[in-house]
Amino acid sequence: MEKNIQKIEPVEEYSHYEFTQEDVQSTYWVWDRGHTPPGYPWTPMFVCWWFYGVNGCMAQAYEDMPSPLSKGPRAHSLHGYHMVTISSPQEHEKKERAERYKGAVRPWLENSDKMLNQAISELMGLYDKFKKHNYEKATWGELIQWVADMKHLCHRHWYWHYYCMLSTGIVYQDWESLSSELLGIDGYHPQFQKLMRGFDNRNFEADRRKFRLAKRIIELGLKDLVLSSKPEEIIPNLNKSETGKKIVAELNAFLDEFGWRNAMMMSFETPSWREDPTPVLMHIKQFVANPVYVLDETIARQAGERKKLEEETINKLPIDQREWYRILMKAGQRCSSWAEDHSFYMEFYAHAINRYFWLQVGERLTQVGALEKPDDIFFLVPDEVLNILSDPYVFSGKTIAKRRKADWEKAKKFTPEFYYGALPFEEAMGKFMGTKDVVMVQTVAGRPPIPRPELKADLLGIIGSPGIAEGPARVIFSPAQLGEVRPGEILVAPATDATWTPAFSLIKGAVIDSGAPMAHAAIICREYGIPAILNTMEGTSKIKTGQRIKVDAEIGAVYILK
């Protein structure tokens, strides 16, 4: 067998989850560009938070919801970039897992919302504790206890995150498999995707509330003031009048409810909306300039079309299969809206709470000279913080933080290989896709596009949301660039997450380098009724901003027109 083993140079003690040469030789690994795109490596503190979840809590979730073909992803860090493999059950485990799965999945078939609400309730209670602490007056002993409590939050958060994602996703897979068997359609088929449309979610509610704020601004005669102000100037300018202060108060109420999210979802180092509401104000300003919000009408229309299609689909089935199909379909459809709800209640909220907590601890350590700046704490790991807190007048994190911050800056210019491992690439990808893993195969990576030279397309991909659109391309790589998006453009990006959702109210379609049917871009485009093609691999490198392109998401093809 041909070996394909690259040499790597891990950063010593960057996070204690470092990718090693031994890892490369032991199995196959792929770079997760969706969570760590080029130029955006994670800091050591975030690596510890995320990788503890993947390597511990996810494994626990996959035991409690025992997928027969996958034991879940495992991850290590290469210069702060997310490297992933998928752990497969041994042959003797598969039958036992399949038997246990039958009992584990039953509560999700009976009432998935009950299970999801249990997770939300526990996590929101844990978050509230960290909001209420008095960090300024806390003793060092109390701070030590709260770091331990944050470790507990880390475990419960990631357990629920993966258990809920896996459970809703694996039911979706069962429904998809039955659809393939009985109807000849799967999750990539336009008809199946229409059965996944017409569902609201918590992130849409955030956009809806921003639109209402924009309408209030217009109603109160403040349109010109907002449009003539830079986003960062809007609040100071509004505070100059009593009418403007009403808007500021309403904005603050919005931020109390929806502001626990960082500017970049997969980071601790970018500010939350509560700290810096510029992203919110930028989107409100876009709504003021173009006061159109079609999502509610679109979701209602697509929900009606979906319900009609549900009955048409079920009536095509053998009578003895109809009730079982209906049960699987209802539970499987929840996978789509939960994919967005989980980002609100789990990733957005938890990452913002983490940032808030660690900055408070960092501020205390900075006051006594144990750190240069509060945000230097993101370049430590929790056990190192505990060591410093044991006597912050003696122990310091300055040297470690300075060295790791330099490593992090250097890593921004580093681009990992897509694949590392001892197996030939094609064999490794066969094993990867063969796991049918809910997280990686169904959401992050997806199957590669099928070559179709007869289409004469500039790019091929998989269908994320059906439809056809033409328009100017807008190529962006980060949520920080969302202000560049203009109405009627086609978004071209390496990947998206819920931070990008506001842009979808403006665009006509999307072309994404990565992704699968349950990826963020696919879900949001389906709800807006606009086409999306995913897993193009090189859309962002082939397409330039301003080029006119055609997205044909009936056949999975992209054409560069001029």
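What is the order of Y40, Y420, fewest Cβ neighbours within 10 Å to most? Intermediate results must be reported in sequence, preceding the final value.
Numbers: Y40 18, Y420 25.
Ranking Y40, Y420 by Cβ neighbours within 10 Å, fewest first, gives Y40, Y420.
Mean Kyte-Doolittle of at least 0.0 plus a Cα span of 15 Å or more along the axis: flag which DSSP H helices in the chain meet both, please.
278-289
Calculated from DSSP H runs of 4 or more alone, at -39500 (n - 2.57) each and per residue, what is the 222 nm mean residue ellipticity of the chain, nearest 500?
Details: 20 runs with 279 residues, N = 562.
Estimated from H runs of four or more residues: -16000 deg cm²/dmol.
So, with +1 on the Cβ of K and R and -1 on the Cβ of D and E, and no other charges, what is the size of the charge dipole of the chain about its Cα centre, to the nearest 20 debye?
1220
Distance check, please: which entries in K71/K431; K210/K246; K131/K245 exceed 20 angstrom between their Cα atoms?
K131/K245
Local charge sum around V30 (other residues, Cβ-Cβ under 14 Å, Lys/Arg +1, Asp/Glu -1)?
Net local charge, V30 excluded: -3.
Could you work out how far the C-alpha centroid of the stretch 379-442 sits from that of the stretch 353-373, in angstrom?
If we compute the Cα centre of each part, the gap is 22 Å.
Restricting to the chain, what percent of DSSP beta bridges are antiparallel, rounded to 5?
70
Just going by the charge dipole of the chain, with Lys and Arg at +1 and Asp and Glu at -1 on Cβ, which of I299, A214, V385 is farthest out on the positive end?
A214
Could you tell me how far the Cα centroid of the stretch 543-560 sits from the Cα centroid of the stretch 291-334, in Å?
So the two Cα centres are separated by 29 Å.
Taking H placed 1.01 Å from N in the peptide plane, check which residues at least 5 places from S465 or on another chain put their amide H under 5 Å from its amide H.
A532
Taking the beta-carbon count within 10 Å as an exposure proxy, list V438, V54 from fewest neighbours to most.
Ascending Cβ contact count within 10 Å gives the list V54, V438.
Would you please give the residues with an amide H less than 5 Å from that of G509, counting only those at least 5 places away or on a separate chain, with H modeled from the backbone geometry?
L491
Per 5 Å bin, what percent of the C-alpha pairs of the stretch 148-276 does each bin hold, from zero upward?
Going from the shortest bin to the longest, the percentages are 2, 8, 11, 13, 14, 11, 10, 10, 10, 7, 3, 1, 0.
Per residue, how much space in cubic angstrom lies within the convex hull of the C-alpha atoms of the stretch 453-560?
78
What is the magnitude of the charge dipole of the stretch 202-296 about its Cα centre, with +1 placed on the Cβ of each Lys and Arg, -1 on the Cβ of each Asp and Glu, and no other charges, expressed in debye to the nearest 20?
Value, rounded to 20: 260 debye.
Taking the Cα centroid of the stretch 445-482 and of the stretch 198-276, what is the distance between the two, rounded to the nearest whole Å?
Using only Cα atoms, the two centres lie 32 Å from each other.
Give the order of V394, V280 when sorted by the count of other beta carbons within 10 angstrom, beginning with the fewest.
Working: V394 8, V280 24.
Least crowded to most crowded, the residues run V394, V280.
In the chain, if the dipole is taken from +1 on Lys/Arg beta carbons and -1 on Asp/Glu beta carbons about the Cα centre, which of P190, F432, T36 is farthest to the positive end?
P190
Dipole of the stretch 137-193, Cα-centred, from +1 at each Lys and Arg C-beta and -1 at each Asp and Glu C-beta, to the nearest 20 debye?
Taking the Cα centre of the stretch 137-193 as origin, the dipole is about 440 debye.
Which three numbers, in whole Å and largest first, are the semi-axes of the equivalent ellipsoid of the chain derived from its Cα gyration tensor as √(5λ)? Before the final figure, lay out each step's value.
Numbers: eigenvalues 250, 201, 119 Å².
So the three semi-axes of the chain are 35, 32, 24 Å.
Determine the percent antiparallel among the DSSP beta bridges restricted to the stretch 453-560, to the nearest 5. Walk me through the numbers on the way to the answer.
Numbers: 14 of 23 bridges.
Around 60 percent antiparallel, to the nearest 5.
Holding the Cα-Cα limit at 32 Å, pick out from K307/K508; K316/K436; K223/K373; K129/K508; K114/K223 the pairs that are longer than that.
The answer is K223/K373; K129/K508; K114/K223.
No lab work stands behind these numbers, since they all come straight from the coordinates. This is a predicted model, so every value here is computed, not measured. So basically every Cβ, Gly included, is an ideal-geometry build from the backbone, and we count neighbours across all protein chains shown.
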